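Engineer: Following this message is one structure expressed as structure tokens.
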Amino acid sequence: MATKLVNHALLTPTLLPERSSEALLLLSIASPDIALQFLQGDGKQWTTDIEGLRIYIDLLHNAKKYSDLRDVCQYEIDQGADDWKVVKGWVDGSIGLLESGAENSYF
């Protein structure tokens with residue numbers, strides 16, 4: 001029941017969290033698909049928080065969205081991010097693209 005309510009809250013624009021602590025709590029309970037959909041849509045602002053960004057990186061990696069993972073991490077690196085999770089995400093995204101055969105369009 002709780003997951004259903006959290007998923008509803010994340011998918012309803014009028015119920016969006018107002019503070020990062022609220023967003024992180026909801027993201028920790030939500031199903032991965034809903035959390036990823038939220039962070040790629042209305043919740044994009046929460047990826048500016050380092051914990052939100054780390055959750056986003058994990059969700060992209062687990063969903064095997066290697067192109068998005070590499071692009072997000074590349075952007076963060078270009079902006080001066082020095083977090084190990086961002087660098088690891090870039091490496092994982094690059095390796096995932098190589099393994100999936102999509103390397104021709106990215107390398």
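The values are calculated or read from the model by the stated rules, or taken from the named source; none is laboratory data. As the structure is a prediction and not an experimental result, all values here were calculated from the model. Cβ coordinates were reconstructed from backbone atoms using ideal geometry, including for glycine residues, and neighbour counts include every protein chain displayed.
Engineer: For the subset of region 6-27 comprising residues that are under 13 Å from Gly43 (Cβ atoms) and either hydroxyl-bearing (Ser, Thr, Tyr) or in contact (Cβ under 8 Å) with a residue 60 or more places away in the chain (or both), which member is surrounded by the most Cβ atoms within 10 Å (Cβ to Cβ)?
Structural biologist: Result: Ser20.
Engineer: Does Thr3 count as polar (S, T, N, Q), within 19 Å of Asp83 (Cβ to Cβ), in contact (Cβ under 8 Å) with a residue 12 or more places away in the chain and in a helix (DSSP H, G or I)?
Structural biologist: It is false that Thr3 is polar (S, T, N, Q), within 19 Å of Asp83 (Cβ to Cβ), in contact (Cβ under 8 Å) with a residue 12 or more places away in the chain and in a helix (DSSP H, G or I).
Engineer: Can you tell me which residue among Ile57, Ile50, Ile34 is in contact with a Lys or Arg (Cβ under 9 Å, 6 or more places away or on another chain), crowded, with 16+ Cβ neighbours inside 10 Å, among the β-branched types (Val, Ile, Thr) and at pLDDT 85 or above?
Structural biologist: Ile57 is the lone residue from the list that is in contact with a Lys or Arg (Cβ under 9 Å, 6 or more places away or on another chain), crowded, with 16+ Cβ neighbours inside 10 Å, among the β-branched types (Val, Ile, Thr) and at pLDDT 85 or above.
Engineer: Let me ask something else. Find the helices (runs of 4 or more DSSP H) located wholly in region 15-107 whose residues include 3 or more that are of a type outside the set (S, T, N, Q) and touching a His at 6+ places or on another chain (Cβ under 9 Å), and list them.
Structural biologist: The helices (runs of 4 or more DSSP H) meeting that bar are 84-100.
Engineer: For region 1-20, enumerate the residues that are small (Gly, Ala, Ser) and under 16 Å from the mean Cα position of the chain (by Cα).
Structural biologist: Ser20
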